[in-house]
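Step one of this worksheet: look at the structure below.
The values are calculated or read from the model by the stated rules, or taken from the named source; none is laboratory data. Bear in mind that the values here come from a model prediction, so they are computed numbers and not experimental data. Heads up, the Cβs are rebuilt from the backbone with ideal geometry, glycines too, and the neighbour counts pull from every protein chain shown.
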Amino acid sequence: MFHSQLPIKIAPSILTADFGHLAQVAQAAEQGGADYLHLDVMDGRFVPNLSFGPMVIERIRAATALPLDVHLMIEEPERYLADYAHAGATLITVHAEACRHLHRTVQMIAELGCRCGVALNPATPLEAAREIVPFVDMILVMSVNPGFGAQRFIETSTNKLRRMRHLLDDLNPLCDLEVDGGVDVHNIDDVVRAGANVIVVGSAVYNSRATPGENIAALREAASRARYQEV
Ligand code: DX5
Ligand code: ZN
């Protein structure tokens, strides 16, 4: 399989959804045809916001069959990996900036039986991921500064995705490339053309304009019109 055949996965982030009804929020994504549910964990230290932890994820796990894509925006994530694995995470992503011994952390995630991702903040160069790329299932390129939903897409992220896809093609061609932050129906084609195949969408899925299912369908349609083009 080549990178261009990696399937497009839509991963709704629940961060801007109604936290009073998380089971329904998860089920709406599942019934709306999502591929993953993206769960943003924040500690108030790595990012200037707090969200939720393993107890909430365990309840979401019970409410949906969707694979859970757990994005840890926390310092020293190695201290909590087992908690997130036992809560039902399918995939655990840690930030390169938050890990002193990133390779060890990645190994721990694999030993816990989860798929493993490594995320880079907007100002972190690609090079920070080069040596870990052969050991991971996914690289996450942040297209906003992590911490909040509904922020504006940082335009230079498209070029960063393209360069990251080239790096992955060299070192780990089956590695997924995820993009997170500010993606909507108007720019999803650009990130897909640049090589992203796992697309996080928060406020573009959970909003008052349409149902999650209608939004997911529109996003998938826009994404499928723009498959990866090598340039
Ligand atoms: C930002 C989070 C994102 C965010 C995405 O810290 O990692 O997952 O919730 O939300 P939108 O799509 O609204 O930017
Ligand atoms: Zn996220």
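Quick look at the values:
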quantity	calculated
Where a residue in region 162-179 is among the basic types (Lys, Arg) and its partner, wherever it lies, is part of a strand (DSSP E or B) and modelled with pLDDT of 95 or more, with Cβ under 6 Å and at least six apart	Arg165/Leu177
Hits in region 130-158 - residues which are in a strand (DSSP E or B) and more than 15 Å from ligand 1 (Cβ to nearest atom)	none
Failed condition for Ala226, given (1) among the aliphatic types (A, V, I, L, M); (2) part of a loop (DSSP other than H, G, I, E, B); (3) crowded, with 23+ Cβ neighbours inside 10 Å	(3)
Criterion (among the acidic types (Asp, Glu) and within 23 Å of Phe148 (Cβ to Cβ)) met by exactly one of Asp40, Asp83	Asp40
Scan of region 75-96 for residues that are within 18 Å of Val200 (Cβ to Cβ), surrounded by fewer than 22 Cβ atoms within 10 Å (Cβ to Cβ) and not hydroxyl-bearing (Ser, Thr, Tyr), ordered by number	Ala96
Enumeration of residues in region 118-149 that are over 19 Å from Leu102 (Cβ atoms) and either loosely packed, with under 15 Cβ neighbours inside 10 Å or more than 16 Å from ligand 2 (Cβ to nearest atom) (or both)	Asn145
Count of residues meeting criterion [over 14 Å from the mean Cα position of the chain (by Cα) and within 16 Å of ligand 2 (Cβ to nearest atom)] in region 173-187	1
When residues of region 198-214 are limited to those that are assigned to a loop (DSSP other than H, G, I, E, B) and away from ligand 2 (no atom under 16 Å from the Cβ), the one nearest to Gly117 (Cα to Cα)	Asn207
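Conditions (1) closer than 21 Å to Pro173 by Cβ; (2) at pLDDT 95 or above; (3) out of contact with any helix residue (DSSP H, G or I) (no Cβ under 8 Å at 6 or more places or on another chain), marked per residue:
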| site | (1), (2), (3) |
| --- | --- |
| Ala128 | yes, yes, no |
| Leu140 | yes, yes, yes |
| Glu155 | no, yes, yes |
| Thr158 | yes, yes, no |
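Conditions (1) within 16 Å of ligand 1 (Cβ to nearest atom); (2) out of contact with any Lys or Arg (no Cβ under 6 Å at 6 or more places or on another chain), marked per residue:
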| site | (1), (2) |
| --- | --- |
| Gln5 | no, yes |
| Leu15 | yes, yes |
| His21 | no, yes |
| Asp35 | yes, no |
| Phe46 | yes, yes |
| Ile57 | yes, yes |
| Ile60 | yes, yes |
